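So the structure is just underneath, and the comments pick up after that.
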Amino acid sequence: EMAPHLQPNKRIDPALKMIESKVRSSSLHNQIPPNGEREKLNEQRQAQLQDLVSSLESELTHQLLGYKLLIEDIEQIEEERNFYFNKLKSIENLCESNYSSEVAKTVMELLMEVPDDFEERT
């Protein structure tokens, strides 16, 4: 069995396979050029690799932007959740201080009601 630090990274491995696939499918792969064309071939390979790097950078930038937007959405939802939680907590405190009122008792019952299918996280 491979040492943990030598095992392929599940996130990186597909990207490496894609790169290998593109290199293998390249018309330049596995060709042995005549001596005079090696420099030209190296330039072509360099250009192909640069295109591949640019493509991967673009994809990574796009994924990073999506991640940042997701984080912003999560933060906004958390702010909204906290806002409504604080409102409900204020209502609960008001009702607890006036518990003799029938309205306060009814509101407290509503606040403490739990759906049948609710699973509490521990």
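The values are calculated or read from the model by the stated rules, or taken from the named source; none is laboratory data. A quick note: this is a predicted structure, and the numbers were derived from the prediction, not measured. When we count neighbours, we look across all protein chains shown, and the Cβ atoms used for this are built from the backbone with ideal geometry, even at glycine. For accessibility, only protein heavy atoms count, side chains too; no ligands or nucleic acids. Shrake-Rupley method; radii C 1.70, N 1.55, O 1.52, S 1.80 Å.
Against the test of being out of contact with any Phe, Trp or Tyr (no Cβ under 6 Å at 6 or more places or on another chain), without any contact (Cβ under 8 Å) to a residue 24 or more places away in the chain, assigned to a helix (DSSP H, G or I) and surrounded by fewer than 10 Cβ atoms within 10 Å (Cβ to Cβ), the options V103, V114 yield a single qualifying residue, V103. Filtering region 63-100 to residues that are open to solvent by less than 100 Å² (accessible area, probe 1.4 Å) and over 31 Å from the mean Cα position of the chain (by Cα) leaves L88, K89, S90, I91, E92, N93, C95, S97, N98.
Are any residues in region 101-122 among the β-branched types (V, I, T) and over 36 Å from the mean Cα position of the chain (by Cα), and if so, which ones? Answer for region 101-122, where residues must be among the β-branched types (V, I, T) and over 36 Å from the mean Cα position of the chain (by Cα): V103, T106, V107.
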